[in-house]
1. With the requirement that a residue be polar (S, T, N, Q), assigned to a helix (DSSP H, G or I) and in contact (Cβ under 8 Å) with a residue 12 or more places away in the chain, what does the stretch 107-150 give you?
2. List every residue pair whose Cβ atoms lie under 8 Å apart, where the two residues are 6 or more positions apart in sequence or sit on different chains, the first residue falls within the stretch 249-264 and is farther than 24 Å from Ser113 by Cβ, and the second residue, located anywhere, is hydrophobic (A, V, I, L, M, F, W, C) and in a loop (DSSP other than H, G, I, E, B).
3. Return the residues of the stretch 213-256 that are away from the ligand (no atom under 16 Å from the Cβ) and not acidic (Asp, Glu); say none if nothing qualifies.
4. What tally of residues in the stretch 48-90 results from selecting those that are more than 12 Å from the ligand (Cβ to nearest atom) and acidic (Asp, Glu)?
5. Could you list, in sequence order, the residues of the stretch 160-179 that are farther than 16 Å from Arg82 by Cα and surrounded by 15 or more Cβ atoms within 10 Å (Cβ to Cβ)?
6. Considering every residue within the stretch 68-91, establish whether at least one is charged (D, E, K, R) and over 30 Å from Gly243 (Cα atoms).
7. Identify, please: which residue in the stretch 99-121 is surrounded by fewer than 24 Cβ atoms within 10 Å (Cβ to Cβ) and among the aliphatic types (A, V, I, L, M) and is, among those, farthest from the ligand (Cβ to nearest atom)?
8. Which one of Met185, Met194, Met175 is away from the ligand (no atom under 16 Å from the Cβ) and within 23 Å of Glu97 (Cα to Cα)?
Amino acid sequence: MTAITIKDQEYKDFCRFLEAQCGIVLGDSKQYLVRSRLSPLVSRFSLSSLSDLLQQVISGRNRELRVAAVDAMTTNETLWFRDSYPFTVLADKILPELAANKRPIKIWSAASSSGQEPYSLAMTVLETQSRRPGLLSSVNITATDISQTMLDTCRAGVYDNLALSRGLSPERRRMFFENNGDGRMKVNDKVKRMVNFRPQNLKDSYALLGKFDVIFCRNVLIYFSPEMKSKVLNQMAASLNPGGYLLLGASESLTGLTDKFEMIRCNPGIIYKLK
Ligand SMILES: C[S@@+](CC[C@H](N)C(=O)[O-])C[C@H]1O[C@@H](n2cnc3c(N)ncnc32)[C@H](O)[C@@H]1O
């Protein structure tokens, strides 16, 4: 069987389409990625070939197909309590500091993937509440992603053993999950009702989301151009209440992208505070 090839022009046009839709920059040699991620859509949309699919996506005739193509091109790698220090800093420094304001605390997980990040945030809040009763009155978590498939997974809150084995301690598994009856586990209602899920393309305006005290924007900027990163970070600054915090992924930084934050070293880890 011959491998399906993608013509140079089709690849370039698809890269332009993808960056315009969601900011993801593929680079020059990711044809294999496009092939492996979009091929399943050929039969799902009853198309004749990958080339047919690419042409329809690029020409914009089929909205459902365009949305599915963007969804398929997202990388959704995630785990529970990823890098651990952001959740420790949240519990030990950020939440106690914000609690002094005596108003509801709002947290945004801006690229929530399959839910591990926002649910880890909810678990951190619940643990803080039981360790320091009376400290926190109300905490609200908004979780957004561009991928509808990921948002569906988030809302279901059901995870198999492989997903559960990545970053979750046995204690937290006992405390925050219940059996789903099919060998998988489901986040319990206490955790679930703290998080609201909604679609949000980080390329669009965030005005409808309201203001937040803490934003987790982790492991998504890496896919964007420097211009898009700057735009996202400046919009996030505008979405934070005075004194609000921004947390990035362990390999991400603000250098050369925005001057709206001051860097705070937490040992381990770095967080950013709105100036
Ligand atoms: C690698 S995951 C990161 C998940 C989580 N924040 C973490 O650090 O574990 C990246 C997520 O960003 C989302 N994403 C990519 N481009 C986006 C965009 N333009 N707007 C919103 N979400 C986007 C993807 O759908 C994916 O779920």
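1. Gln116, Ser120, Thr124, Thr128, Gln148, Thr149
2. Sorted first by the residue in the stretch 249-264, then by its partner, the pairs are Met263/Leu254.
3. Ala237, Ala238, Leu240, Asn241, Pro242, Gly243, Gly244, Leu254, Thr255, Gly256
4. Summing the residues that are more than 12 Å from the ligand (Cβ to nearest atom) and acidic (Asp, Glu) in the stretch 48-90 gives 2.
5. Met175, Phe176, Phe177
6. yes
7. Once the filter is applied, the top-ranked residue is Ala100.
8. The match here is Met194.
Read-outs throughout are calculated quantities, based only on the coordinates presented, and are distinct from any laboratory measurement. These numbers were taken from a predicted model, which means no experiment stands behind them. Glycine also receives a Cβ, built like all others from the backbone with ideal geometry; neighbour counts cover every protein chain displayed.
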